[in-house]
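Student: One structure coming up, written as structure tokens, with questions to follow.
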Amino acid sequence: QKEVEQNSGPLSVPEGAIASLNCTYSDRGSQSFFWYRQYSGKSPELIMSIYSNGDKEDGRFTAQLNKASQYVSLLIRDSQPSDSATYLCAVSPNTGNQFYFGTGTSLTVIP
Amino acid sequence: DVKVTQSSRYLVKRTGEKVFLECVQDMDHENMFWYRQDPGLGLRLIYFSYDVKMKEKGDIPEGYSVSREKKERFSLILESASTNQTSMYLCASSLSGTEQYFGPGTRLTVT
């Protein structure tokens, strides 16, 4: 079983819609959770971090964490064509400094 | 802002050559990481370091070595480059337990 699983997509949404990206993880002791955006040919860029259960909002982005279900999601409101990218979920376990990354979900926002 | 730089954006080497990839960060981060990223396989950890002169193997260390003589610099060495090491190489750094910041990446082609 992979440490972090994401639906690889591709996910297509029309401009202005809400994009919902999901991630599950296997280590129940995980403490820190991150979402990265990666444009084609570029390196991953951190967009959200979340450490406690519930929602965390930053502009058009909302991260949601449910530790009991071992589930973290990213909502993108009012999706724009510039949001078209691959989104990587990363999880940091309770001990150590290593991250576990999902393989990413490809999002396309259609104008 | 955190800045992670990598010595080359694009590199072409011949089979059997020794290859050095350099990474420098300017935020006094303890942890530094080397990943490779291949289509469909996601980010795979090669090595990481949590202190000067300290290193830990990641998931795919075979054929690679690393060096960390100064806190800000982490080098990845391909002892004898092979065609299956053609990939995007990404360096990252972090403080303990916090988000990782990535450099721009080096796209290495081994012919």
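Student: Quick test for you: out of B:L45, B:L41, B:L90, B:L95, pick the one residue that is within 14 Å of another protein chain (Cβ to nearest Cβ) and surrounded by fewer than 15 Cβ atoms within 10 Å (Cβ to Cβ).
Tutor: Answer to the selection: B:L41.
Student: Same structure, new question: Test B:E62 against the criterion of being open to solvent by 70 Å² or more (accessible area, probe 1.4 Å) and free of Cβ contacts under 8 Å to residues at least 40 places away in the same chain, and give yes or no.
Tutor: For B:E62, the condition - open to solvent by 70 Å² or more (accessible area, probe 1.4 Å) and free of Cβ contacts under 8 Å to residues at least 40 places away in the same chain - is met.
Student: Here's another thing I want to ask about it. Which of the residues spanning the stretch B:9-32 are away from chain A (no Cβ under 12 Å) and either out of contact with any strand residue (DSSP E or B) (no Cβ under 7 Å at 6 or more places or on another chain) or loosely packed, with under 15 Cβ neighbours inside 10 Å (or both)?
Tutor: Matches in the stretch B:9-32: B:V12, B:R14, B:T15, B:G16, B:E17, B:K18, B:F20, B:D26, B:M27, B:D28.
Student: Which pairs do you get when a residue that is at negative phi and at the interface with chain B (Cβ under 7 Å from one of its Cβ atoms), found in the stretch A:32-44, comes within reach of a residue that is open to solvent by 10 Å² or more (accessible area, probe 1.4 Å) and among the acidic types (D, E), reach meaning Cβ atoms under 6 angstrom, with the pair 6+ apart or on two chains?
Tutor: Hits for this filter: A:F34/B:E99.
Student: Only one residue in B:Y64, B:Y35 is out of contact with any helix residue (DSSP H, G or I) (no Cβ under 6 Å at 6 or more places or on another chain) and away from chain A (no Cβ under 14 Å). Which one?
Tutor: Being out of contact with any helix residue (DSSP H, G or I) (no Cβ under 6 Å at 6 or more places or on another chain) and away from chain A (no Cβ under 14 Å) holds for just one of B:Y64, B:Y35, which is B:Y64.
Student: If I ask for residues that are within 14 Å of chain B (Cβ to nearest Cβ) and open to solvent by 50 Å² or more (accessible area, probe 1.4 Å), which ones from the stretch A:76-95 would you list?
Tutor: A:N94, A:T95
Student: Here's a follow-up. Could you give every pair whose Cβ atoms fall below 6 Å, whose first residue belongs to the stretch A:17-28 and is under 9 Å from A:E5 (Cβ atoms), and whose second residue is in a strand (DSSP E or B) and among the aliphatic types (A, V, I, L, M), counting only separations of at least 6 or pairs across chains?
Tutor: From the stretch A:17-28, the pairs are A:C23/A:V72; A:Y25/A:V4; A:Y25/A:V91.
Student: Given the structure, is B:E56 open to solvent by 10 Å² or more (accessible area, probe 1.4 Å) and out of contact with any Phe, Trp or Tyr (no Cβ under 8 Å at 6 or more places or on another chain)?
Tutor: So B:E56 does not fit the description; no.
Student: For B:N84, only one of the following conditions fails: (1) modelled with pLDDT of 95 or more; (2) open to solvent by 70 Å² or more (accessible area, probe 1.4 Å); (3) within 14 Å of chain A (Cβ to nearest Cβ). What is its number?
Tutor: All conditions pass for B:N84, except number (3).
To keep it simple, each residue is scored yes or no on (1) farther than 21 Å from B:P39 by Cβ; (2) among the charged types (D, E, K, R); (3) modelled with pLDDT of 95 or more.
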{"position": "A:Q6", "(1), (2), (3)": "no, no, no"}
{"position": "A:E15", "(1), (2), (3)": "yes, yes, yes"}
{"position": "A:S40", "(1), (2), (3)": "no, no, no"}
{"position": "A:A63", "(1), (2), (3)": "yes, no, yes"}
{"position": "A:R77", "(1), (2), (3)": "yes, yes, yes"}
{"position": "A:Q80", "(1), (2), (3)": "yes, no, yes"}
{"position": "A:G102", "(1), (2), (3)": "no, no, no"}
{"position": "A:T108", "(1), (2), (3)": "no, no, yes"}
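Student: Is it the case that B:G103 is in contact with a Cys (Cβ under 7 Å, 6 or more places away or on another chain), buried (at least 18 other Cβ atoms within 10 Å of the Cβ) and among the small types (G, A, S)?
Tutor: Yes: the conditions hold for B:G103.
Residue-by-condition table, conditions (1) under 19 Å from B:G103 (Cα atoms); (2) at pLDDT below 95; (3) not aromatic (F, W, Y):
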| site | (1), (2), (3) |
| --- | --- |
| B:K3 | yes, yes, yes |
| B:Q6 | yes, no, yes |
| B:V24 | yes, no, yes |
| B:G40 | no, yes, yes |
| B:R44 | yes, yes, yes |
| B:E56 | no, yes, yes |
| B:P61 | no, no, yes |
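The values are calculated or read from the model by the stated rules, or taken from the named source; none is laboratory data. Everything quoted here is computed from the prediction, not taken from an experiment. Neighbour counts run over all protein chains shown; Cβ positions are idealised from the backbone, glycine included. Just the protein is used for accessible areas: all its heavy atoms, side chains included, with ligands, DNA and RNA removed. Shrake-Rupley method; radii C 1.70, N 1.55, O 1.52, S 1.80 Å.
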